[in-house]
1. Which ranges mark the strands (runs of 3 or more DSSP E) fully within the range 1-98 that have 1 or more residues being touching a residue at least 40 places away in the same chain (Cβ under 8 Å)?
2. If you take the residues in the range 13-48 that are within 12 Å of the ligand (Cβ to nearest atom) and more than 11 Å from the chain's Cα centre (by Cα), which one is surrounded by the most Cβ atoms within 10 Å (Cβ to Cβ)?
3. Restrict the check to the range 61-84 and report whether at least one residue is within 14 Å of the ligand (Cβ to nearest atom), under 15 Å from LYS18 (Cα atoms) and β-branched (Val, Ile, Thr).
Amino acid sequence: MTDFVEAGKASELEEGTKRAVEVCGTRVLLIGSGGKYYAISNRCPHLGGNLSQGHLQGTVVTCPVHGSQFDITDGHVIRWLKGSRPLQAISKMLKRPKPVATYEVKIADNKILVEI
Ligand code: FES
């Protein structure tokens, strides 16, 4: 059963920023982008890279370890690993691309509530 749990204050997450938090034992990355708030897993689905240390541009976060990119709005893979096409093809055979987990977010009384 899932529930909405407070993960932070909306007023403390500025536009274009991200913050790693732990919600009920789950590592979550909160992101403010385009006037909205998003919550995704802080673990890259490739090999667990810390996405809070990656680059955020608009709604795209880049893993700092091997450069995979994910759309924070729905978690889909934009790029699976950075590198040449042959390297990417081999990498995809070894480990199939997987989206990053996303969580529903609600704002209530300045609280960022994440469905966990
Ligand atoms: S751990 Fe994120 S791309 Fe490899």
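No value in this document is a laboratory result; all are computed from the given coordinates. Owing to the predicted nature of the structure, the values given are computational and were not obtained by experimental measurement. Every residue, glycine as well, gets a Cβ built from its backbone with ideal geometry; the counts of neighbours run over all protein chains shown.
1. Numbers: elements: 4-9, 18-23, 26-33, 36-41, 55-57, 60-62, 69-71, 77-79.
Where strands (runs of 3 or more DSSP E) fall fully within the range 1-98 and carry at least 1 residues being touching a residue at least 40 places away in the same chain (Cβ under 8 Å), they are 4-9, 18-23, 26-33, 36-41, 55-57, 60-62.
2. Going through the range 13-48, the residues within 12 Å of the ligand (Cβ to nearest atom) turn out to be 41-48.
When the remaining residues are screened for being more than 11 Å from the chain's Cα centre (by Cα), the result is 46-48.
Values: HIS46: 19, LEU47: 12, GLY48: 13.
Per the criteria, the residue is HIS46.
3. Within the range 61-84, one or more residues are within 14 Å of the ligand (Cβ to nearest atom), under 15 Å from LYS18 (Cα atoms) and β-branched (Val, Ile, Thr).
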